[in-house]
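The values are calculated or read from the model by the stated rules, or taken from the named source; none is laboratory data. A quick note: this is a predicted structure, and the numbers were derived from the prediction, not measured. Cβ placement follows ideal geometry from the backbone for every residue including glycine, while neighbour counts extend to all protein chains displayed. The protein model used for the area step is the full one, side chains on, heavy atoms only, and it has no ligands, DNA or RNA in it. Shrake-Rupley method; radii C 1.70, N 1.55, O 1.52, S 1.80 Å.
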Amino acid sequence: MLAKRIIPCLDVKDGQTVKGVNFENLRFAGDPVELAKKYSDEGADELVFLDITATNEGRKTTIEMVRKVASQVFIPFTVGGGIKSLDDMRNLLVAGADKVAINSSAVKTPELINEGSSYFGSQCIVVAIDAKRVNGEFYVHINAGKLNTGIKLIDWAKEVEQRGAGEILLTSMDADGTQNGFDIEMTKLVSENVKIPVIASGGAGPCVNHFVEVFKDGFADAALAASIFHFNTLSVPNLKKELDNHNIEVRV
């Protein structure tokens with residue numbers, strides 16, 4: 001069995017790391033390059049950077065930040081936000097990113113998944129999915145969660161796998177920033193219906209059981225968190241030590 005991965009996430013706006021609740025009420029959380037180095041040194045398995053306003057503001061992710069991060073960390077990192085073309089992907093990968101994450105652009109132009117996996121390899125293509133319960137069903141949302149696409153989550157998850165995505169970064173909009181625990185039902189639904197790795201995102205609190213549950217009951221391959229790491233309520237080394245004590249295989 002592959003070791004479960006712990007992935008700090010840095011939501012970046014105007015060059016700074018921010019964090020909100022349910023995609024709203026953002027607050028400053030630190031310099032992204034400094035945080036990246038800290039998490040790399042502490043033993044995080046990977047990092048994810050999401051330029052959360054790039055799509056809505058119609059601009060591309062900042063290349064210079066990617067270069068600075070690449071010079072400071074020695075673990076894989078994924079970059080997303082405003083990626084709309086193969087050239088955008090290539091520029092980020094050349095700047096030092098190991099993977100690119102596409103979300104809104106994947107829904108609007110699904111062929112981008114096929115093209116990206118064909119040109120760069122499926123291991124470089126992460127499809128980020130933001131989903132929310134609407135009348136008891138999970139639906140895909142885009143444009144930083146502001147637009148309900150009307151596409152059912154499970155249908156989209158299966159399609160992105162079929163199109164060549166190497167991973168799914170699955171964020172529960174209902175749980176995001178609440179620190180009340182991951183959305184186990186949503187994570188399990190996707191994990192049981194695709195064969196590619198699923199990264200669970202949204203809701204992690206300073207409670208090791210949140211991670212134990214999403215790995216054991218949600219069948220996630222990796223767990224992503226932000227607030228608990230940024231504001232020092234739980235550290236990566238302590239989390240991994242506790243997961244090991246719960247017989248969750250992690251790299252320690």
Query - Conditions (1) more than 28 Å from S85 (Cβ to Cβ); (2) in contact with a Pro (Cβ under 7 Å, 6 or more places away or on another chain); number of the one not met by E167 - result: (1)
Requested in this report: Keeping to the stretch 201-231, report how many residues are open to solvent by 70 Å² or more (accessible area, probe 1.4 Å) and touching a residue at least 60 places away in the same chain (Cβ under 8 Å).
Outcome: 0
Requested in this report: Look at the stretch 108-136 and say how many of its residues are within 25 Å of N148 (Cα to Cα), touching a Lys or Arg at 6+ places or on another chain (Cβ under 9 Å) and open to solvent by 80 Å² or more (accessible area, probe 1.4 Å).
Outcome: 2
Report task. Run L112 past the list (1) within 26 Å of A3 (Cβ to Cβ); (2) in a helix (DSSP H, G or I) and report the number of the one that doesn't hold. Result -> (1)
Report task. Please specify each residue of the stretch 137-146 satisfying the condition of being buried (at least 17 other Cβ atoms within 10 Å of the Cβ) and in contact (Cβ under 8 Å) with a residue 24 or more places away in the chain. Result -> F138, V140, H141, I142, A144, G145
Report task. Can you run down the residue pairs with Cβ atoms below 6 Å, 6 or more apart or on separate chains, where the first is in the stretch 85-99 and open to solvent by less than 20 Å² (accessible area, probe 1.4 Å) and the partner is part of a helix (DSSP H, G or I)? Result -> M89/G116; L92/V66; A95/I63; A95/V66; A95/R67; A97/V66
Requested in this report: Scan the stretch 65-75 for residues that are open to solvent by 50 Å² or more (accessible area, probe 1.4 Å) and within 28 Å of V107 (Cα to Cα) and jot them down.
Outcome: R67
Query - Failed item in (1) touching a residue at least 40 places away in the same chain (Cβ under 8 Å); (2) open to solvent by 10 Å² or more (accessible area, probe 1.4 Å), with L234 passing the rest - result: (1)
**Report entry** Number of positions in the stretch 1-60 that are part of a strand (DSSP E or B), open to solvent by less than 70 Å² (accessible area, probe 1.4 Å) and at pLDDT below 65
**Finding:** 4
Report task. Answer yes or no as to whether G164 is open to solvent by 10 Å² or more (accessible area, probe 1.4 Å), modelled with pLDDT under 95 and not aliphatic (A, V, I, L, M). Result -> no
Query - Search result, residues across the stretch 61-100 that are over 28 Å from V236 (Cα atoms), at pLDDT 90 or above and part of a loop (DSSP other than H, G, I, E, B) - result: I83, K84, S85
**Report entry** Residue list for the stretch 147-200, restricted to those being part of a helix (DSSP H, G or I) and either over 23 Å from S117 (Cα atoms) or without any contact (Cβ under 8 Å) to a residue 12 or more places away in the chain (or both)
**Finding:** D155, Q162, I184, E185, M186, T187, K188, L189
